[in-house]
1. Can you tell me which of Leu183, Leu194 is assigned to a loop (DSSP other than H, G, I, E, B) and within 22 Å of Arg371 (Cα to Cα)?
2. From (1) in contact (Cβ under 8 Å) with a residue 24 or more places away in the chain; (2) in the same structural domain as Phe131 (by TED's automatic domain parsing), pick out the condition that doesn't hold for Ile10.
3. Of the numbered conditions (1) among the small types (Gly, Ala, Ser); (2) in the same structural domain as His370 (by TED's automatic domain parsing); (3) in a loop (DSSP other than H, G, I, E, B); (4) touching a Phe, Trp or Tyr at 6+ places or on another chain (Cβ under 9 Å), Ala169 fails exactly one; give the number of that condition.
4. Suppose we filter segment 244-264 for residues that are in a helix (DSSP H, G or I) and either among the hydroxyl-bearing types (Ser, Thr, Tyr) or under 17 Å from the mean Cα position of the chain (by Cα) (or both); how many remain?
5. Is it the case that Lys388 is part of a helix (DSSP H, G or I), assigned by TED's automatic domain parsing to the domain that holds Asp285, at pLDDT 90 or above and surrounded by fewer than 22 Cβ atoms within 10 Å (Cβ to Cβ)?
6. Residues of segment 64-97 being under 23 Å from the mean Cα position of the chain (by Cα) and under 17 Å from Ala134 (Cα atoms), which ones?
7. Test Tyr255 against the criterion of being within 22 Å of Asn332 (Cα to Cα) and hydroxyl-bearing (Ser, Thr, Tyr), and give yes or no.
8. So, of the residues in segment 197-212 that are touching a Lys or Arg at 6+ places or on another chain (Cβ under 9 Å) and part of a helix (DSSP H, G or I), which turns out to be nearest to Leu238 (Cα to Cα)?
Amino acid sequence: MNCFTVNPPILPDFSSKKEALIRERQDFIEINLEENKLLLFERGILKDTFNILAKGNPDIWGGTPAGLYYVLRKHKVSYSNISNVYMPYSIHFYGKYYIHGEPYYRNGKKLKSSFSGGCIRLDNLSAKEVFNFAKKNMPVLVIDQSNKNSALLQVPNEISLSAKSYLVADLDSGQVLLKKNYLTAYPIGELSYLLVASVVAENVDLRRKIKITESMLPKKGVSRVLKEGQKYGVVELLYPMLITSSKEAMIALTYFLGQDKTKALIQEKAEAIMMERVEFVSFQDLSQNKASAKDLFYLARYILFNRSPLFNITKGELVDFAGQFKNLKLKNQNIFSKREDFIGGKTGFVPGFGKTGLFVFCLKNSQRSHRIAIIILGANDIKKEVEKILTWLKGV
């Protein structure tokens with residue numbers, strides 16, 4: 001059976017990682033974005049709780065990244081080149097993100113803001129206690145939001161689809177509505193670009209630009225989106241990569257950190273956000289990159305709750321940042337970008353395997369709205385398959 005009406009499967013949220021850390025009696029730091037709390041656990045037992053003064057805004061580029069990370073380093077005072085402020089009692093746990101005290105300028109004046117740029121801001125006394133507790137390689141678990149299990153859907157009769165693998169699930173509750181081979185890793189093609197986009201956006205200053213060289217571009221005679229010798233910003237390059245599946249834009253983005261480092265960070269990121277079967281092998285041959293439909297559900301969930309501007313770009317929207325492709329006409333290859341109920345997503349193609357897709361739609365019924373992820377791998381006609389699912393979902 002591909003559908004369920006009694007005790008449907010629920011894909012766990014990040015709190016399942018907390019349960020594992022407690023069982024293992026580990027020392028760890030929990031950052032609960034939903035409750036605005038930072039908690040310290042010693043040998044699996046709650047030791048202290050602190051209020052968060054400011055966190056990132058997930059509706060713009062500064063969202064605090066959810067997932068399981070580790071203390072990389074800590075300094076009594078760090079300097080942020082992005083915000084041009086000093087950060088007392090700073091604990092670096094991933095990419096551009098820190099736990100720290102109240103930031104201040106060179107003249108000693110404190111920075112005041114409702115949101116941070118993605119870091120976790122505490123008052124100085126709390127930050128000092130957390131700083132003293134933290135040790136290198138200590139787990140830092142960031143929980144975005146818990147599953148809303150009270151909103152389970154009644155699933156109609158099953159539906160037959162021809163794709164090799166698929167998963168349809170509610171992103172807010174984790175409820176699985178349809179599944180087939182969803183735990184098996186398959187080639188994902190251009191869905192790889194969503195992983196590249198997430199990692200680059202979280203590890204590179206978005207104000208940076210890169211000069212395009214011949215090595216980044218396809219061979220002469222092949223249509224090019226970018227111009228050799230011209231400089232492009234990070235956000236500028238995200239548009240052709242996510243809208244037109246431009247490989248040259250993707251290659252250019254990997255040059256900010258270097259391809260080896262970018263590849264390693266993608267694999268680390270996948271593990272941090274519960275993508276357990278990801279194999280990211282190549283930027284040149286995307287058919288070598290694999291993930292399961294379940295993995296891609298967690299990628300969709302992560303982007304929706306933590307890095308939503310990426311989904312906005314896939315719809316062709318201009319996000320709130322300088323340097324979009326204002327003078328280029330980019331044809332959106334994401335087949336559902338014009339639908340009002342489309343939140344975001346990406347299409348791909350793998351020769352010899354079929355079409356791939358990650359899509360998020362807003363389903364409205366008489367009671368409430370549900371944000372539904374549709375993951376399809378290995379389809380002959382992905383548009384037809386998804387439209388069949390959307391029609392089926394009207395009966396939910």
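The values are calculated or read from the model by the stated rules, or taken from the named source; none is laboratory data. Here the structure is a predicted model, which means the values were calculated and not measured. All Cβ positions, glycine included, derive from the backbone under ideal geometry; neighbour counts span all protein chains shown.
1. Only one candidate qualifies: Leu183.
2. (2)
3. If we test Ala169 against (1) among the small types (Gly, Ala, Ser); (2) in the same structural domain as His370 (by TED's automatic domain parsing); (3) in a loop (DSSP other than H, G, I, E, B); (4) touching a Phe, Trp or Tyr at 6+ places or on another chain (Cβ under 9 Å), just (3) comes out false.
4. Of the residues in segment 244-264, 7 are in a helix (DSSP H, G or I) and either among the hydroxyl-bearing types (Ser, Thr, Tyr) or under 17 Å from the mean Cα position of the chain (by Cα) (or both).
5. yes
6. Selection gives Leu68, Tyr69, Tyr70, Val71, Leu72, Ile91, His92, Phe93, Tyr94, Tyr97.
7. No.
8. Ala197
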